[in-house]
Amino acid sequence: MLLSENFIKYLQFEKRYSNHTLVAYKTDLGQFILFMNESVGDFDFREVTSKQIRLWVVSLMDNNVSSRSVIRKITTLKSFYKYLMRQGIAETNPAQLVTTPKVGKKLPTFVQEDNLNQLLDFGFFPTDFEGVRDKLIVATLYGTGIRLAELKNLTISNVNTSEHTIKVLGKRNKERLIPYPVGIDAVLEEYLKFRSEFSGNNRFLFLTSKGKQVYDKLIYRVVKKYLTIVTTVSKKSPHVLRHSYATHLLNNGADLNAVKELLGHSNLSATQVYTHTTFEKLKEIYKQAHPRS
């Protein structure tokens, strides 16, 4: 439908949403359109009722779609109808009247400090181009807490070795400057020597052995391969290294607001999810130290 396509273009070019988010919105809208077509046949978005949206939500729950996914889909519809109202196409937002399902608080998965130190310090990575590159990928993700897309799009000019900082272009095209561990310098220097043989005129920092920009699946594969060596956590993804970065900073006394800025979060509530581990550490200290524990 033309309206949904225009909405996706609006998110892409005006709101500058990431490709990942655009795919999610497009999928959600497509599923709702399919449900409506199967339920009532041809329909007009302006005539959709909150009752019809609730029936869609019920069908999703009946098909074991997770509460988190259902909440996201309702949010997609709310955003879509806000867009239609701004365009003067719809008068009301029927999704606004739909109650979202409750979801249990999901704590972030992270890898223990000792395990990551062991991985980066004890010679698990080969010394050829791909081995050094993979070590730099893991060290950068854990040492800076950046997202997969932010890592993939790093350029040579984004890295300031004299200040030990990287400039990152995050969500909504927001720039932020992040310090990186001094220990990364040696790996970076070694990698850049290898990289010069493959790079050509490519400006991106992380490259394949064919001189192309690294891609999502490659980064996922690298992280999973090496985390498997040192941890048994179920999820082994780049985002787990981001979780580990935030958790370890807070466990070692970092200010919550500072961690928020480092992560590029737009609000503090997104960062507060990591404080549970600090509390767990406090409980552990209490059990060890208090005579009545």
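The values are calculated or read from the model by the stated rules, or taken from the named source; none is laboratory data. Remember, it's a predicted structure, so these values are computed and weren't measured experimentally. So basically every Cβ, Gly included, is an ideal-geometry build from the backbone, and we count neighbours across all protein chains shown.
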Among the numbered criteria (1) within 27 Å of Leu249 (Cα to Cα); (2) basic (Lys, Arg); (3) at pLDDT 95 or above; (4) surrounded by fewer than 17 Cβ atoms within 10 Å (Cβ to Cβ), which single criterion is violated by Lys193? (1)
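Restricting attention to region 191-249, report how many residues are of a type in the set (Val, Ile, Thr) and touching a strand residue (DSSP E or B) at 6+ places or on another chain (Cβ under 7 Å). Even if it seems obvious, please write down each step before you answer.
Start the filter on region 191-249 by keeping residues that are of a type in the set (Val, Ile, Thr), which leaves 208, 214, 219, 222-223, 228-233, 240, 247.
Cutting the leftovers down to touching a strand residue (DSSP E or B) at 6+ places or on another chain (Cβ under 7 Å) gives us 214.
Going through region 191-249 one residue at a time, the tally reaches 1.
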Against the conditions (1) exposed (fewer than 15 other Cβ atoms within 10 Å of the Cβ); (2) over 29 Å from Thr247 (Cβ atoms); (3) touching a helix residue (DSSP H, G or I) at 6+ places or on another chain (Cβ under 7 Å); (4) not acidic (Asp, Glu), where does Leu207 fall short? Just the number, please. (1)
Which helices (runs of 4 or more DSSP H) does region 1-109 wholly contain that include 1 or more residues that are touching a residue at least 40 places away in the same chain (Cβ under 8 Å), over 28 Å from Gly170 (Cβ atoms) and among the hydroxyl-bearing types (Ser, Thr, Tyr)? 50-62
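Here is a yes/no grid of residues against (1) under 16 Å from Lys78 (Cα atoms); (2) surrounded by fewer than 16 Cβ atoms within 10 Å (Cβ to Cβ); (3) modelled with pLDDT under 95; (4) in the same structural domain as Val70 (by TED's automatic domain parsing):
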position: Leu11; (1), (2), (3), (4): yes, no, yes, yes
position: Glu14; (1), (2), (3), (4): no, yes, yes, yes
position: Tyr25; (1), (2), (3), (4): yes, no, no, yes
position: Leu29; (1), (2), (3), (4): yes, no, no, yes
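Among the residues of region 32-47, what is the count of those that are buried (at least 16 other Cβ atoms within 10 Å of the Cβ) and in contact with a Leu (Cβ under 9 Å, 6 or more places away or on another chain)?
At the first step, the residues of region 32-47 found to be buried (at least 16 other Cβ atoms within 10 Å of the Cβ) are 32, 35-36, 45.
Applying the additional criterion that residues be in contact with a Leu (Cβ under 9 Å, 6 or more places away or on another chain) yields 32, 35, 45.
Residues in region 32-47 being buried (at least 16 other Cβ atoms within 10 Å of the Cβ) and in contact with a Leu (Cβ under 9 Å, 6 or more places away or on another chain): 3 in total.
Within region 11-23, can you find the residues that are closer than 20 Å to Lys152 by Cα and touching a helix residue (DSSP H, G or I) at 6+ places or on another chain (Cβ under 7 Å)? If you could, list the steps in order and put the result at the bottom.
Within region 11-23, the subset closer than 20 Å to Lys152 by Cα is 12, 16-23.
Gln12, Arg16, Tyr17, Ser18, Leu22 - these are the residues of region 11-23 that are closer than 20 Å to Lys152 by Cα and touching a helix residue (DSSP H, G or I) at 6+ places or on another chain (Cβ under 7 Å).
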Condition first: at negative phi, in contact (Cβ under 8 Å) with a residue 12 or more places away in the chain and either acidic (Asp, Glu) or surrounded by 14 or more Cβ atoms within 10 Å (Cβ to Cβ) (or both). Now tell me which residues in region 263-275 satisfy that. Leu263, Thr271, Gln272, Val273, Tyr274, Thr275
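Of all residues in region 112-136, how many are part of a helix (DSSP H, G or I) and among the aromatic types (Phe, Trp, Tyr)?
Quick first cut of region 112-136, residues part of a helix (DSSP H, G or I) only: 113-121, 129-136.
Checking the rest, the ones that are also among the aromatic types (Phe, Trp, Tyr) come to 129.
The total comes to 1.
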Do we find that Glu175 is loosely packed, with under 13 Cβ neighbours inside 10 Å and more than 30 Å from Phe13 (Cβ to Cβ) in this structure? no
Can you work out which of the residues in region 246-262 that are touching a helix residue (DSSP H, G or I) at 6+ places or on another chain (Cβ under 6 Å) and closer than 14 Å to Ile178 by Cα is surrounded by the most Cβ atoms within 10 Å (Cβ to Cβ)? Ala246
